[in-house]
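Laboratory data are not the source of any read-out in this text; all were calculated from the coordinates shown. What you see is a predicted model, and the numbers here were worked out from it, not measured in a lab. Glycine gets a Cβ as well: all are built from the backbone with ideal geometry, and neighbour counts include every protein chain shown.
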Amino acid sequence: MMRRAGLAGLVILALTTRQAAAQLGCSGATCTVEITMPVSDVLRLSLSAGSVALGNPVEADFQAGYRDVNGTAVNVTAKSNRPFTVQLSSVSPTFSYSGTLTNPNKPASDLRWATSAGALATTTNTFGLTTTFLSQGAGSVTSPLFLRTLWSFASDVPGTYSLTVRLTMAAP
């Protein structure tokens, strides 16, 4: 009886060993195991501020035709594990207006942007169109956003103006 139990235990042990060897890809004293892990896209966009004050234009700003935000309006940080782009646009084609006069329908294109203060003088980047702010390979980058608002005696009446802008990060 004991001999049968011992033999049965050896057979079970042998089957278990062979079964494990087939699953692990063992050959002699070396075994290999295939390990997999899925890696998803990682896209992270953050801003140093949730709102930006464009400032109250004075007569000199109307004379010059513009007013710049003093310094960096906001820092944009983008992180991704694959190539990506960040695009800027306005949510609406015009600023919203609150005041006692007729809405002047100030166009979103009156808000210009650049990645340096010096570039504001010649930039054609506006929030009137969707434009690319960043385009790069995988990694992390922080870029400043500088803003210039155009002002005109003829069209910009007293009141409060606001514009919601959208930053969209995508990995093509």
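Go through region 130-164 residue by residue and tally those that are assigned to a strand (DSSP E or B) and within 24 Å of V86 (Cβ to Cβ).
Count: 19.
Take the conditions of a type in the set (F, W, Y), touching a residue at least 60 places away in the same chain (Cβ under 8 Å) and touching a helix residue (DSSP H, G or I) at 6+ places or on another chain (Cβ under 7 Å) and apply them to F146. Does it pass?
yes
Going residue by residue through region 105-128, is there one that turns out to be over 28 Å from P172 (Cα atoms), of a type in the set (D, E, K, R) and crowded, with 16+ Cβ neighbours inside 10 Å?
Yes, region 105-128 contains a residue that is over 28 Å from P172 (Cα atoms), of a type in the set (D, E, K, R) and crowded, with 16+ Cβ neighbours inside 10 Å.
Return only the number of the condition from (1) surrounded by 12 or more Cβ atoms within 10 Å (Cβ to Cβ); (2) touching a residue at least 60 places away in the same chain (Cβ under 8 Å); (3) closer than 16 Å to A170 by Cα that R67 does not satisfy.
The single condition R67 does not satisfy is (3).
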